[in-house]
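A quick write-up on the structure given underneath.
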Amino acid sequence: MNHSQDTGPGGMPEDRKLYIVDSINDLNKLNLCPAGSQHLFSLEEKIPDVGTNSGKGSHSLFFMGLIIVLIVSLALVSFVIFLIVQTGNKMDDVSRRLTAEGKDIDDLKKINSLIVKRLNQLDAEQN
């Protein structure tokens, strides 16, 4: 592969230069860019160097942030699951208590009816 054909005199690939020129022409057609503003920035300032390592720091920060977010999310999900299990256990306890108290109330009603019957019998015997 002949590397000298791919890059121009400034060390920038020709297709990137053409892309920039096309973009400036499109802006001129839309009257968004004044005619004399094409020379305000050089081509090297508009497109960063492809061969530099400037993006590696941001990539490592991104991955560290992603890992931290994932760990925090995992902790929150674990906490929510723990709360759901605890709430289920509490609900089971309350349900058992209500069932037991319901049986106790039924027993109290039976005892009350027996007492009322006995009192009615005693009252009938006295009359």
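For Glu101, the accessible area of its heavy atoms, probed at 1.4 Å with every protein chain present, is near 100 square angstrom. Net length available on complete extension from Lys110 to Ser58 is 11.0 nm, with 0.36 nm assigned per residue and the Cα-Cα distance removed. Computed over protein heavy atoms with a 1.4 Å probe, the accessible surface of the stretch 57-98 works out to 90 Å² per residue.
The values are calculated or read from the model by the stated rules, or taken from the named source; none is laboratory data. Keep in mind that what you see is a predicted model, and the values were worked out from it rather than measured. We work out accessible area using only protein heavy atoms, side chains counted, and drop any ligands, DNA or RNA first. Shrake-Rupley method; radii C 1.70, N 1.55, O 1.52, S 1.80 Å.
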